[in-house]
Amino acid sequence: MGKANWIDRAILDKIMREAKKNGAPVFRIDGFTKGDKFKSLVFTILSARTKDETTLKACEKLFSRVKGPWELAGMKKREVAKLIYGVGFYRQKAGYLIDMANRLVYDFDAKVPSDFEKLMKLPGVGRKTANVVLAHAFGKDAIGVDVHVHRISNRLGILRTKKPEKTEERLKLIVPKRLWKHLNIALVGHGQTTCLPKVPLCSGCVIRWYCKRIGVKKSA
Ligand code: SF4
């Protein structure tokens, strides 16, 4: 198998099936967002440096109080911080959420834009968040590179990068475009259940035959 085709649909499906079977929290996100693009954006902003289970709880609490950007835009920072307490940097993120909601209301007709550059203009939104929202909420060809995607791509040995931006660049060269939008969810699920950050569970990994295990010092 050449590097240009390093990952095909069958491999992605295999990883996803296994991660679902093992209860990866990432697959519960769709049950929460139910196609709502604003919920998807809020979830992704809150999920930075926070486990999906914790983010889901915070989002459920927040959305028990707000329906969309209008309500969130009018809230006080301390109210929002209280609702999302538990996520990393919750005070800072509370401020981002309110500013982001205001920007949506005043500049985007209270709708989440489906354009990378416009998304990047929203407070609290960086490359990863913009790409994840484009792929998950809009079904566009984008690769959101978070810690799981960055770590696993390097461990597999299909690229060697230090920064997520470079990982995104390299992945776009070696992964077929039609798979880009599925890559984040598959690798996040794999990272949450098998390719764990500290001690990956290599002996039970469904793609161990393929992986070069670069940088893995200890595994189970
Ligand atoms: S073999 Fe180990 S390091 Fe490689 S993808 Fe599987 S769990 Fe991760």
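Residue-by-condition table, conditions (1) closer than 30 Å to C205 by Cα; (2) hydroxyl-bearing (S, T, Y):
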position	(1), (2)
F38	no, no
S47	yes, yes
L83	no, no
V87	yes, no
A94	no, no
A101	no, no
D107	no, no
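For segment 174-219, how many residues meet the condition of being out of contact with any Lys or Arg (no Cβ under 9 Å at 6 or more places or on another chain), more than 9 Å from the ligand (Cβ to nearest atom) and farther than 20 Å from P25 by Cβ?
3
Which helices (runs of 4 or more DSSP H) sit wholly inside segment 62-117 and have at least 3 residues that are over 18 Å from K39 (Cβ atoms) and without any contact (Cβ under 8 Å) to a residue 60 or more places away in the chain?
Ranges flagged: 77-83, 90-107.
Test A137 against the criterion of being assigned to a loop (DSSP other than H, G, I, E, B), under 22 Å from F43 (Cβ atoms) and more than 16 Å from the ligand (Cβ to nearest atom), and give yes or no.
Answer is no for this residue.
Values quoted throughout were computed directly from the atomic coordinates according to the rules given, and no laboratory measurement underlies them. Nothing here was measured: the structure is a model prediction, and the numbers come from that model. Cβ coordinates were reconstructed from backbone atoms using ideal geometry, including for glycine residues, and neighbour counts include every protein chain displayed.
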